[in-house]
Every structure is written in structure tokens, then in C-alpha cells.
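Chemist: I'd like to ask some things about the structure below.
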Amino acid sequence: MSRRILIILGQPSSNSLCAALARTYADAARQSGAEVRLLELGKMAFDPVLHHGYAQIQPLEPDLLDAQASITWAQHLVWVYPIWWGGLPALLKGFLDRIFLPGFAFKYRPNSALWDRLLTGRSAELLVTMDSPPWYYRWVQRQPGHRQMKQAILEFSGIRPVRVHSFGPVIKSSEATRAEWLQRASTLGYRAGTR
């Protein structure tokens, strides 16, 4: 049985390094025999603002309902996005705010500080680009975006293991360096499809 992989492109532009990484990963995963779906958030129609928090139900647009169905379908989630101002792009954060809702991603237990993780049984990879050198982002800035995505969102919802792959610094990177990054994405995609 082939592995079901969902790739979520959180970079709004479809003509970006992130988009190239996502497509390269997808192509390699398909070549290894995986079933692959690709969501490009920049092409989806939805309001990224959770207007009332959890106090009031905000109906999901058709693209968000489809995204939830794809997350439910997937065994492995691949998130491809840039680090902007140390964290997630607004579009990706809005997407997560809208669909990782109580009853879908988690459920608080009555009269308890504990919760049920509703997306267990899935693994994830983060392919993250940045203009900072990855060592600087890790040791000086303490990886706020990586920690938010890995621990506060995905693992909170039961998705694990979560592997993080950083690509940078993108600014002033050479064509040869970008080609190496694309080859790395290809290797990761092929490997994910054979697990």
C-alpha cells in the first residue's frame, strides 16, 4: 500500500524557492510510489482571520473543508514555508487558526487541564527557508517559528514525529546552493514515500 503524503505550501507565491522545494519533494515522493496531494495556500479562497476565537463557530469555506479532508486522508504532512520575522507567514498562521480547531485537531477534556490529540497517527516534516543562517536562527534567536510549529501546533495535535529541515540563508544564495537544496528536497521526498 502506498504512503499518503500531503504537502502544504505556506508561501503565498507559487514562483518562490518554497514552491520549487514543495514541487521537487512531491515529484520525488510520487516516483517512490507515494500518493501525493499538494495544497497551495496562495491559491485557496478563505478568510485567514478567526474573527471570534473559539467563542463562536465560523463556517469553513469549501477550500478549508477540502484541506481538512486532505489532512484526515494523509499519513504524512509536509509543510513548506519561509520564516518571516522569526515566525510563520501570516497566511499559514491564518490557515492553521481556521482549521486546527477543537473537534478536528484537539479536544479539551471536561474539568481537566488535559486534552485529546485528534491527529495522532500522522508524521510531519517542515521544509523551512530563511534569510538568517540556520545556526543563527537556532542558537541566537532560539527557533521561535520551529518551536511554534513543531511543539505548540503539530505535536499538541498528536502529529509526531516532526522533523525540521532548514534551508538558508536564502538571501544572496547562489544557483549552485539552491540546486543543492532542491536535491535535498528530492532525497527527502523519495525517502518519505518509501517509509
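The values are calculated or read from the model by the stated rules, or taken from the named source; none is laboratory data. These numbers come from a predicted model, not from an experiment. Backbone-built Cβ (ideal geometry, glycine too); neighbour counts: all protein chains shown. These area figures cover heavy atoms from the full protein model, side chains too; ligands, DNA and RNA do not enter into them. Shrake-Rupley method; radii C 1.70, N 1.55, O 1.52, S 1.80 Å.
Chemist: Determine the share of segment 1-128's accessible area contributed by carbon and sulfur atoms, expressed in whole percent, with a 1.4 angstrom probe.
Modeler: Details: 3220 of 5950 Å².
Ligands and nucleic acids excluded, carbon and sulfur give 54 percent.
Chemist: Antiparallel DSSP bridges in the chain: what percent, to the nearest 5?
Modeler: Values: 4 of 29 bridges.
Looking only at bridges with both residues in the chain, the antiparallel portion is about 15 percent.
Chemist: Turning to a different aspect of this structure: Principal axis extents for segment 18-74, Cα atoms only, whole Å, descending order, please.
Modeler: The principal-axis extents, from largest down, are 44, 22, 16 Å.
Chemist: Any idea what the relative contact order of the chain is, in percent, if you count C-alpha pairs under 8 Å spaced at least 6 apart? Working shown, then result.
Modeler: Details: 344 pairs, mean separation 56.7, N = 195.
Over the chain, the number comes to 29 percent.
Chemist: Suppose each label sits 7 Å from its Cα in the direction of the beta carbon; what would the Thr72-Leu50 distance come out to in nanometres?
Modeler: For Thr72 paired with Leu50, the spin-label model returns 1.9 nm.
Chemist: Got the relative contact order for segment 6-54 handy, in percent, Cα pairs under 8 Å and 6 or more residues apart? Numbers along the way, then the final one.
Modeler: Details: 44 pairs, mean separation 23.5, N = 49.
For segment 6-54, the relative contact order is 48 percent.
Chemist: Assuming 0.36 nm per residue, please report the length gained on full extension of the stretch Gln151 to Ile171 beyond their Cα-Cα distance. Don't jump to the answer; show the numbers that get you there.
Modeler: Details: separation 20, 0.36 × 20 = 7.20 nm, distance 2.74 nm.
Between Gln151 and Ile171, full extension yields an extra 4.5 nm.
Chemist: Still on this structure, please answer the following. When DSSP assigns beta bridges and you keep just the ones with both residues in segment 1-114, what percent turn out antiparallel, to the nearest 5? Spell out each step's value before the answer.
Modeler: Numbers: 1 of 13 bridges.
That works out to approximately 10 percent antiparallel.
Chemist: What is the total of Lys pairs in the chain with C-alpha atoms under 25 Å apart, excluding same-chain pairs fewer than 8 positions apart? If you can, show how the numbers build up before the last one.
Modeler: On the way: Lys43/Lys93; Lys43/Lys150; Lys93/Lys107; Lys93/Lys150; Lys107/Lys150.
Total qualifying Lys-Lys pairs in the chain comes to 5.
Chemist: While we're on this one: Which shape class applies to segment 93-153: rounded if a/c is under 1.5, otherwise prolate when a/b exceeds b/c and oblate if not, where a ≥ b ≥ c are the square roots of the Cα gyration tensor eigenvalues? Present the calculation step by step, with values, prior to reporting the outcome.
Modeler: On the way: a/c = 2.65, a/b = 2.16, b/c = 1.23.
Prolate shape, in that a/c is at least 1.5 and a/b is the bigger ratio.
Chemist: Could you tell me what % of all Cα pairs in segment 18-112 have separations over 17 Å? Write down the numbers at each step before the final one.
Modeler: Values: 2622 of 4465 pairs.
Everything past 17 Å amounts to 59 percent.
Chemist: Could you tell me how many degrees, from 0 to 90 and to the nearest 10, lie between the Cα long axis of helix 90-99 and the main elongation axis, the longest principal axis, of the Cα atoms of the chain?
Modeler: 40
Chemist: Let me ask something else about it. Let me cross-check Ser14: its accessible surface, 1.4 Å probe, with only protein heavy atoms counted, in Å² to the nearest 10?
Modeler: Answer for Ser14: close to 30 Å² accessible.
Chemist: Along each of its three principal axes, how wide is the spread of alpha-carbon positions in the chain, in whole angstrom units, largest first?
Modeler: 54, 43, 31
Chemist: Pick out, in residue order, every one of the trypsin sites (Lys or Arg not before Pro) in segment 99-175 that is DSSP loop and has at most 11 other C-beta atoms within 10 Å; say none if there are none. Don't skip to the end; give the middle numbers.
Modeler: Details: sites: Lys107, Arg117, Arg122, Arg138, Arg142, Arg147, Lys150, Arg163, Lys172; in loops: Arg122, Arg142, Lys172.
Passing sites in segment 99-175 are Arg142, Lys172.
Chemist: Filter the chymotrypsin sites (Phe, Trp or Tyr not before Pro) in segment 1-58 down to the DSSP loop ones having no more than 12 other Cβ atoms within 10 Å, then list what survives. Spell out each step's value before the answer.
Modeler: On the way: sites: Tyr25, Phe46, Tyr54; in loops: Phe46, Tyr54.
Taking segment 1-58 and a limit of 12 other Cβ atoms within 10 Å, the loop chymotrypsin sites (Phe, Trp or Tyr not before Pro) found are Tyr54.
Chemist: How high is the FRET efficiency between Thr120 and Gln183 when r is their beta carbon distance and R₀ equals 45 Å, given to the nearest 0.05?
Modeler: Working: r = 32 Å, r/R0 = 0.72.
Taking R0 as 45 Å, the efficiency between Thr120 and Gln183 is 0.90.
Chemist: Going by accessible area, probe 1.4 Å, with all protein chains left in place, what is the ranking of Phe95, Phe156, largest first? The partial results should precede the final answer.
Modeler: On the way: Phe95 0, Phe156 50 Å².
Ranked from most to least accessible, the order is Phe156, Phe95.
Chemist: Percent relative contact order of segment 26-108, based on C-alpha pairs within less than 8 angstrom and at least six residues apart? Mind showing how you got there, number by number?
Modeler: Numbers: 48 pairs, mean separation 26.8, N = 83.
Once divided by the residue count of segment 26-108, the mean separation gives 32 percent.
Chemist: Next up: Per residue, how large is the accessible surface of the chain? Use a 1.4 angstrom probe and give square angstrom.
Modeler: 51
Chemist: Counting pairs of Cα atoms in segment 63-168, how many percent are more than 23 Å apart? Intermediate values should be presented prior to the final figure.
Modeler: On the way: 1625 of 5565 pairs.
The answer is 29 percent, as a whole percent.
Chemist: Shifting gears a bit: For the chain, what is the calculated [θ] at 222 nm in deg cm²/dmol (nearest 500), taking -39500 (n - 2.57) for each run of four or more DSSP H residues and dividing by its residue count?
Modeler: Values: 6 runs with 66 residues, N = 195.
Using -39500 (n - 2.57) per qualifying helix, the result is -10000 deg cm²/dmol.
Chemist: Cα centroid distance between segment 33-63 and segment 1-25, in Å?
Modeler: Measuring centre to centre over Cα atoms gives 16 Å.
Chemist: Run the 1.4 Å probe and let me know the accessible area of Asp66, rounded to the nearest 10 Å².
Modeler: 90
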